[in-house]
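To keep things clear, I will list the structure first and then write my remarks on it.
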Number of protein chains: 4
Amino acid sequence: MTITDQPSTKGNDPETAIISAALTGALTTRDQCTAIPYTPEEIAEDAAAAREAGAAIAHIHARTENGSPTYDTDVYQEIHDEIRDRTDILINFSTGALHAPPEDRIEYVRAVQPDIAALNMGSMNYAKYSESREEFVFDMVFENSFGEIRQFVTAMEKAGVRPELECFDTGHVGNVRPLLQNGNLSHPLQFSLILGVLGGIPATIENLTHQVRQLPENANWQVIGISRDQWALAAGALAMGGNVRVGLEDNFYLPSGEMATNAELVEQAAQLTRNVGRKPATPEEAHEIMGLDR
Amino acid sequence: MTITDQPSTKGNDPETAIISAALTGALTTRDQCTAIPYTPEEIAEDAAAAREAGAAIAHIHARTENGSPTYDTDVYQEIHDEIRDRTDILINFSTGALHAPPEDRIEYVRAVQPDIAALNMGSMNYAKYSESREEFVFDMVFENSFGEIRQFVTAMEKAGVRPELECFDTGHVGNVRPLLQNGNLSHPLQFSLILGVLGGIPATIENLTHQVRQLPENANWQVIGISRDQWALAAGALAMGGNVRVGLEDNFYLPSGEMATNAELVEQAAQLTRNVGRKPATPEEAHEIMGLDR
Amino acid sequence: MTITDQPSTKGNDPETAIISAALTGALTTRDQCTAIPYTPEEIAEDAAAAREAGAAIAHIHARTENGSPTYDTDVYQEIHDEIRDRTDILINFSTGALHAPPEDRIEYVRAVQPDIAALNMGSMNYAKYSESREEFVFDMVFENSFGEIRQFVTAMEKAGVRPELECFDTGHVGNVRPLLQNGNLSHPLQFSLILGVLGGIPATIENLTHQVRQLPENANWQVIGISRDQWALAAGALAMGGNVRVGLEDNFYLPSGEMATNAELVEQAAQLTRNVGRKPATPEEAHEIMGLDR
Amino acid sequence: MTITDQPSTKGNDPETAIISAALTGALTTRDQCTAIPYTPEEIAEDAAAAREAGAAIAHIHARTENGSPTYDTDVYQEIHDEIRDRTDILINFSTGALHAPPEDRIEYVRAVQPDIAALNMGSMNYAKYSESREEFVFDMVFENSFGEIRQFVTAMEKAGVRPELECFDTGHVGNVRPLLQNGNLSHPLQFSLILGVLGGIPATIENLTHQVRQLPENANWQVIGISRDQWALAAGALAMGGNVRVGLEDNFYLPSGEMATNAELVEQAAQLTRNVGRKPATPEEAHEIMGLDR
Ligand SMILES: [Zn+2]
Ligand SMILES: [Zn+2]
Ligand SMILES: [Zn+2]
Ligand SMILES: [Zn+2]
């Protein structure tokens, strides 16, 4: 067995890694990092630059001009069109939010029909703790009942949008099982494994291998690491045959500690990909590997 | 290395296994199983019989005379006293509930001071799915924010009650970390690993070994399996050096499929314990192994 | 997911466990345990009693009348015929030896054509160490080159005998890969996972789950534990969906510490099987589960 | 928990990775790769260049002027002195050989007293298989009995040379246990985990995490990958907190497929180290991390 045909590769391509660029997010602002794109044009420019640097997918949260999150279908449509004017990168829309009802977050997916839309697969505490101050910075319960998950997945299915199953803990992967049995979900499945959120599974390579073992044989998967831990998780995932997500939503910094742009973060991920003997997938290759037509 | 000195034993005793009897629970009724004890006397009688059969700990939810859950301090006190009149079994009180505020569930722990009280270590979906009917039987979000966890653990600490850290997923074990760092929790720690609740970590021996790997070196741990799956999980846990919980709260049935009493379920667990070459701990031995005076 | 449909079950039957009885071995004598059968009649009587107690397979080393190992085809034939006169238990011949050349150990397999024959899948140190005396009791290199493995497997293939792939370490499971690729082996595969020999993989449930993960999806597997550790390994394996081997070759003692007969050891394994909610397979069921006609 | 304080780090430094350069090996020749150094001067020049590129340890096999292996103490002494004239890199001598008796391979360790010497920790098949030709390229039994291991380790202990425990399978790590118990070995321990030799543990990140779990808490460890698989194993190991070995003994090629020099291979490993947010250790830092004075 060579490292390129490990079981952990699952449905991914051992020779090629799909790089996603999470361009915006919803929580951070230009006060923290001036390179975060807000407007449809800015987002589309970053998408094109990320594509140039090696990304095959752009994961997007819409923002108003002053940077606050919006769930407006028109804005999402405009982002979609501006990107399509510039590049063939696959488009992935967030559906997460802290204070917007599910219906609002389904509507723009239904209307704009991106290639992919993210879907949170379970509930958990979502907190941050400061070791130096010995206190919790924030402390929330991130609620995603099966009822709500099914609302999203049914809408995506109807709209021909591939759900990206976001799993923050072991149980979240297990939650796929009843939804496969009752027909809400069908193969091929696409997973994002998020490690390192306090309340979910801790960020270790040991835990990443554990999460990957839980996945069905033919599933696609990528790792999402939060903060600068992202680079070690990305290296581990690439070595295991995984795909990776980087971008200003998840982390502002290069491994060196320098603050970066989306394109620079993607360029770093592409270098890491080549360093383990794989190469970044084009959008066309990613489309094929993920079976987006099925 | 012999099987009795495996790293998975952690702080447990390789030669001796602590059997907990979860006598009552809060959700099931005598319509489903006539052997469920309701009154303090009935609970105390079952505790004594469980002790005789090999249990060292009785885990208890109070009930009214018609079987509905109660958080009344007087009832908990009466259960405590009736048990103490009959046997030296260690007493463990539940603090969980679906519709009672935290304050109510802390009060009886503070007042009655059992040896141990259960503490849920995180949030998750808590659901049940019927494969035959292809539908969800129930679908809830089980919320336990860090704020609420800290309320409970602080009260237990003050009352000299050992918290039993109930972990339904990998992240729940990780949630211990900030609470150790800020001093809310201190060693030795006592964990319950619950597998098989839909929304939490699925019931496999692979996942049990994973959960045990997450625990600190000197921690005590037991497995809690829900439904008849319990017997395979118990066998796996006993083989790994773990402790086990059985009783009508978790499962009504012997491995043969016959419905049983609490004492019969404990007797079956004791037989399984001896079958792997270990022996059931007495309450005195359990007190020592768990370091309850520390 | 219930505990009965765990991935670790692989090609085994989750409801039914195949118990093998290793009746004789080659290294121990009646001075150590009076119940060890030597002659074909004694072996056949033990095989019948083991079948009665729940075993589906008898694993056999031939002995002379004074108990020393023999590779004489006539003796193996006589054992085979005496067993067949008494019971339908499946017959599995050892092919291992310390001082006999491979040809001698292939000949009786070729001639007598048992249902199954054991096959060591790799090399390793084979030693025993005394912690109390702080010295090695014995220290050998157990040599099984690929050349020798292929000699055996080719002969078995021709004789229509299913090879039982004996794996003492992780690499031994990996050694199956080239032999599948070049056609020396074909599916379905039957594995024995031996843990606890010094030089091979240590006896922990963690390591058992690791070994099982290495197996192909549709493989049958059983655990073989050496000495009294066997009972914990057997419990862990049964909980994971595995099959088990017991018998005087591996261990003389019940979990209680009492010395036992082959039938008593099998009876104990059958009880353990029922204690996890499974039942012992008959030879006919084992034949079907292992696909012995394929 | 951040990725830099994972349990898999064990005794390594999470911020700093020790890069070893295996400069020569014994099996390959300049016909295959012109950059392989033969003479003491050539080896010392490569050691200095490797040090410049980020290596802290040089692992060395002596060669005659025409490239064949030699166990001559004078040659090893000359290599040692030539390196010391040029650089402070730590010196690690091989003790392995196919056709030289143990005494010959101990003598130069005893006489020259390098900082570290390699020690094979068990036996296994050592083979190579060609999938395209469907045949074994070579097929050997690699024998290292406990008796021989103890001969080496005793000599190293007396000479004040740190043994580097080379483990090709799970059992090899377990073999450390009796040698610790009887005092042949003492903490801190230094492990090399070799994955991907046919006969030993296959090269997967899953198996690397498994091997690391077997190690004592305070152990140092590095990964050794054979052939171009090395780069993915190195990325996985660096992400887990491990150290790495590269160099012409293990692999001639950069991830891009270009043939390289020792210095170029080390430079690539150093880049990978920085890409996961760590930095290459100096020889002085490595000396401290490995506790070489203890
Ligand atoms: Zn997002
Ligand atoms: Zn309870
Ligand atoms: Zn045998
Ligand atoms: Zn070497």
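The values are calculated or read from the model by the stated rules, or taken from the named source; none is laboratory data. Remember, it's a predicted structure, so these values are computed and weren't measured experimentally. Note: ideal-geometry Cβ built from the backbone for every residue, glycine included; neighbour counts use all protein chains shown. Ligands, DNA and RNA are excluded from the accessible area calculation, which covers all protein heavy atoms including side chains. Shrake-Rupley method; radii C 1.70, N 1.55, O 1.52, S 1.80 Å.
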Next on the checklist: Whether any residue in the range B:212-224 is in contact with a Phe, Trp or Tyr (Cβ under 8 Å, 6 or more places away or on another chain), of a type in the set (Phe, Trp, Tyr) and closer than 17 Å to B:Pro280 by Cβ is what I want to check.
Outcome noted: yes
Checklist outcome for this item: Among the residues of the range D:127-150, the number that are within 23 Å of C:Thr170 (Cα to Cα), open to solvent by 60 Å² or more (accessible area, probe 1.4 Å) and within 9 Å of another protein chain (Cβ to nearest Cβ) is 5
Item to check | All positions within the range A:158-196 that are open to solvent by 10 Å² or more (accessible area, probe 1.4 Å), within 20 Å of A:Asp250 (Cβ to Cβ) and at the interface with another protein chain (Cβ under 8 Å from one of its Cβ atoms) | outcome: A:Phe168, A:Gly196
Item to check | Residues located in the range B:228-249, provided they are in contact with a strand residue (DSSP E or B) (Cβ under 8 Å, 6 or more places away or on another chain), at pLDDT 95 or above and more than 7 Å from chain C (Cβ to nearest Cβ) | outcome: B:Ala234, B:Ala237, B:Gly242, B:Asn243, B:Val244, B:Arg245, B:Val246, B:Gly247, B:Leu248, B:Glu249
Checklist outcome for this item: Counting only helices (runs of 4 or more DSSP H) wholly inside the range A:209-294, the ones holding at least 2 residues that are polar (S, T, N, Q) are A:262-275
Next on the checklist: Among the listed residues C:Ile289, C:Ile201, C:Ile224, C:Ile194, identify the single one that is away from ligand 2 (no atom under 16 Å from the Cβ) and over 19 Å from C:Ala17 (Cα atoms).
Outcome noted: C:Ile201
Checklist entry - Of these, B:Asp31, B:Asp74, B:Asp13, B:Asp85, which one is under 25 Å from B:Leu165 (Cβ atoms) and more than 15 Å from the chain's Cα centre (by Cα)? => result B:Asp13
Checklist entry - For A:Ala58, are the conditions met, namely being assigned to a helix (DSSP H, G or I), under 29 Å from A:Asn12 (Cα atoms) and in contact with a helix residue (DSSP H, G or I) (Cβ under 9 Å, 6 or more places away or on another chain)? => result no
Item to check | Residue check for C:Gly200: on the phi < 0 side of the Ramachandran plot and within 13 Å of another protein chain (Cβ to nearest Cβ) | outcome: yes
Checklist entry - Residues B:Arg63, B:Arg84, B:Arg105: which one is over 25 Å from B:Arg150 (Cβ atoms), buried (at least 18 other Cβ atoms within 10 Å of the Cβ) and either without any contact (Cβ under 8 Å) to a residue 60 or more places away in the chain or in contact with a helix residue (DSSP H, G or I) (Cβ under 7 Å, 6 or more places away or on another chain) (or both)? => result B:Arg63
Checklist entry - Could you list, in sequence order, the residues of the range A:1-45 that are outside any loop (DSSP other than H, G, I, E, B) and either within 16 Å of ligand 3 (Cβ to nearest atom) or open to solvent by 30 Å² or more (accessible area, probe 1.4 Å) (or both)? => result A:Thr4, A:Asp5, A:Pro7, A:Glu41, A:Glu42, A:Glu45
Next on the checklist: Checking B:Val153 against (1) within 14 Å of chain A (Cβ to nearest Cβ); (2) open to solvent by 10 Å² or more (accessible area, probe 1.4 Å); (3) not aromatic (Phe, Trp, Tyr); (4) not in a strand (DSSP E or B): exactly one of these is not met. Which one?
Outcome noted: (2)
Checklist entry - With A:Ala35, A:Ala97 as the choices, which residue is within 16 Å of ligand 1 (Cβ to nearest atom) and hydrophobic (A, V, I, L, M, F, W, C)? => result A:Ala97
Item to check | Those residues of the range B:259-294 which are more than 18 Å from the chain's Cα centre (by Cα) and among the small types (Gly, Ala, Ser), in sequence order | outcome: B:Ala260, B:Gly277
Next on the checklist: Tell me yes or no: at least one residue of the range D:30-41 is touching a Leu at 6+ places or on another chain (Cβ under 8 Å), of a type in the set (A, V, I, L, M, F, W, C) and within 12 Å of another protein chain (Cβ to nearest Cβ).
Outcome noted: no
Checklist outcome for this item: Of those in the range B:188-208 that are outside any loop (DSSP other than H, G, I, E, B) and farther than 16 Å from B:Asn175 by Cβ, the residue farthest from the chain's Cα centre (by Cα) is B:Glu206
Checklist entry - Under the condition of being more than 12 Å from chain C (Cβ to nearest Cβ) and out of contact with any strand residue (DSSP E or B) (no Cβ under 6 Å at 6 or more places or on another chain), which residue from the range B:264-284 is most open to solvent (accessible area, probe 1.4 Å)? => result B:Glu284
Checklist entry - If you go through the range D:104-116 one residue at a time, do you hit one that is closer than 19 Å to D:Ala269 by Cβ and either away from ligand 3 (no atom under 16 Å from the Cβ) or within 14 Å of another protein chain (Cβ to nearest Cβ) (or both)? => result yes
